[in-house]
Structures are given as structure tokens and as C-alpha cells.
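What follows is a short report on a single structure.
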Amino acid sequence: MEVKAKIINNNIEKEIKVSSALIDTIYEIIKKTYLEAKEIYVKNPTNADNEQLSDFLTYILAYPKGVETPKVIVSNERVNFNNNYYDEFLDRVLVCFSGGVDSTGALLKLIDERKNPVAFWCDYGQPYRNPERKAVERICKKLNVPLIEAVLDLSDLISIGGERFGHVFPARNLMIASIGLCFRPKEIVLAGLCDELVVPDKSLRMYDEFGKYFEVPLYSPFVDMTKTEVLCVWKAKWDKYLDARETVSCYSDNGDCQNCSSCAKREVAFVASDYTDYYPEVFTNQHELIEGHWFSRVDIFQYERRTDMLIALSKYKDKLTLKLQELVEYNCEKYKDEIAKRRKQLEKLKKV
Ligand SMILES: [Zn+2]
């Protein structure tokens, strides 16, 4: 299959097409997963060992829990045709970009290190692709970073298996990365935070093994960090390039609805990091989510998530609902040592 891409660089737009045996193979695997195959047989589009690659691809598909996913069997036979690469950005660092705090932070880190990154965004039929495209284009223009926008229409596949997979799009990041390989980058950045490495194609194993099979390293610069920590560093080092509030992670009409779970999580990080110094309305608008869904799991949250949430909410305790005030008070006492330790950690990051 051919993947169309638009390149926006210095206000000049160009349409190009790329393709590869790897993209064809990943597409085939995704399609058969949606079609509920039990086993998927493919030829080997890489130079890697076929058994190891079989194991890796099977692992990538095994998500979410409770959905039966297929076993991938890669044959000895190699396939290496249909490769059409594009070399304008040869040996650059490609950043998988979505306009959120994490991927924008990754871009800024590389800019700050003078590593000359290229942003790469993929429209694969995700529900919020239009506002996402707008955000991505606006930020790249502001940062004067070249942007590659690849378009891959998987909507007919998503409509077949959408119900079974819910929001999950199998092997999405692997597909995006395999398109990225057509630009022959030196490395690919897929920004994942330590508390958000949930899907197999954004996991430690993905970061560890991608380079072994596909011969280009793929990593996250924030693999040991949370969103709050990234924002602490952002304020100290990258604010001169872009205000973090300009990133978008909620795709309502104005990109900042202050009334969804994505906004709630984001504001915890903004407040806990002291990036902002005002009360976010979402703490009131989404109080039921916070009181119920979050606080019912507070004891099993990772330490960082728990303490960041308590630090953020306690900062504006008087403005919270009464129920939330009680929960915050009780848990701040219960976890006071943890919170003190966390505050110290965050303070340190602000001083880089
Ligand atoms: Zn929102």
C-alpha cells in the first residue's frame, strides 16, 4: 500500500508517497487481527530472526486483556519489495508527534539539545484527527520544525473491529513507527511516560527491542518521568520556546474543555508542578470522577500519581467540594511522608 504524506517545512507544503514491505506486513497483521484470525502467517519484512520477530509481533497484538488476539508466525521467506523511501530528512531524529505535553516536550528537549528534530504525525482515522492536525501544525509552525503528516485510512478496519477493541487500535504505534522508517531517520522518539506505558507498542519491551528488529532505535526521553516531572523541567528549561499551555490533549472544540478526564489528569500535572498558579475548573467540574474513580484507587496508584494528585488538590483545597476536601485531608495525612519526599523531588527538577 502507498502512504500519502504531506510535508510542511518553512511554510512550503509538498505531497509525497512512501511505501514499504514492512508497512504492508503490519497492515496485514492489523487487518487480520480485526478479522479475528487465530493465527497470522506473514513473510519476514526485516533482517531479523523470524522466530524472535514472531514472538515480538504476537506480544504487540496481545492487548487489551480479555480480548483474544492472534499469534503471528513469521516465515523464513523474506519479503523486500515495494520499498519507496523519502530522503529529505535522512539521519534526522523523527519525533512521533501529537501536540500533547509529552510529545511536544520531547520535541523541545531535542531542539534544546540542537538535535534538529522532525515532527511526524499520522492521521490513521482516529476520532479527533482534525483538531489534532490543527494543534500539530500550529505548534510546528511556531517552533519552526518540519512536519510530516502521513495519512493512512484504516477507518473501514476500525469499523469492523471497533466494538471489540473499544478505543484501542491494535499496533497503532508500531504502524506509525514503520511509516516513520520510510524517512530513514537516525532514531525515532515515541514519548511515553513511566506511568503511562500501558499498551504493548508503547512499553519498555517495545523500546528495548524495536531497534533489534527494525535497525533504527526507538526510545522515549521521558521513560523514567511523569507528566508533572516533565512540566517541572519544561518550566525551567523550555519555556523560552513554547508555553506548555499551548499543547493540546483534550479534543473538545477549544482544546481545553475543563470537563473531561483528560483535562483533569493534565491539570493535576500543571498544578503539582507549579507550572500554573490558578485553580483549574476541572477539579470542580469533574469532582465525581476524582472522588469516585480516582480516590477509590488511591492506595493502589503508583506513588507518583498518588502524591501528585494530593499535592495538586491540596493546593486549592478550599475551592474543592466538601467531599473532596475530606478525602484530600484524610489522604494527605495518611501519605504525608510520601508527599514530603515527592515535593523535594519536584523541587530538584525545577532547578535544572
Ligand atoms: Zn477536556
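The values are calculated or read from the model by the stated rules, or taken from the named source; none is laboratory data. Remember, it's a predicted structure, so these values are computed and weren't measured experimentally. Note that each Cβ is placed from the backbone with ideal geometry, even for glycine, and that neighbours are counted across all protein chains shown. The protein model used for the area step is the full one, side chains on, heavy atoms only, and it has no ligands, DNA or RNA in it. Shrake-Rupley method; radii C 1.70, N 1.55, O 1.52, S 1.80 Å.
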* Structure fact -> Exactly one of TYR279, TYR335, TYR330 is aromatic (Phe, Trp, Tyr) and either under 29 Å from ASP224 (Cβ atoms) or modelled with pLDDT under 95 (or both), and that residue is TYR335
* Scan the strands (runs of 3 or more DSSP E) fully inside the range 26-111 and keep the ones with 1 or more residues being farther than 25 Å from LEU157 by Cβ. => 71-78, 93-96
* **Failed item in (1) free of Cβ contacts under 8 Å to residues at least 12 places away in the same chain; (2) in a loop (DSSP other than H, G, I, E, B), with GLY192 passing the rest** => (1)
* To do: From TYR241, TYR219, grab the single residue that is open to solvent by 60 Å² or more (accessible area, probe 1.4 Å), aromatic (Phe, Trp, Tyr), more than 16 Å from the ligand (Cβ to nearest atom) and within 18 Å of the chain's Cα centre (by Cα).
  => TYR219
* Answer yes if at least one residue in the range 275-290 is more than 16 Å from the ligand (Cβ to nearest atom) and either polar (S, T, N, Q) or outside the structural domain of LEU322 (by TED's automatic domain parsing) (or both), and no otherwise. => no
* Would you check which residues across the range 253-288 are polar (S, T, N, Q) and free of Cβ contacts under 8 Å to residues at least 40 places away in the same chain and list them? => ASN254, GLN258, ASN259, SER261, SER262, THR276, THR284, ASN285, GLN286
* **Any chance GLY100 is touching a Ser or Thr at 6+ places or on another chain (Cβ under 7 Å), more than 16 Å from ALA171 (Cβ to Cβ) and open to solvent by less than 60 Å² (accessible area, probe 1.4 Å)** => yes
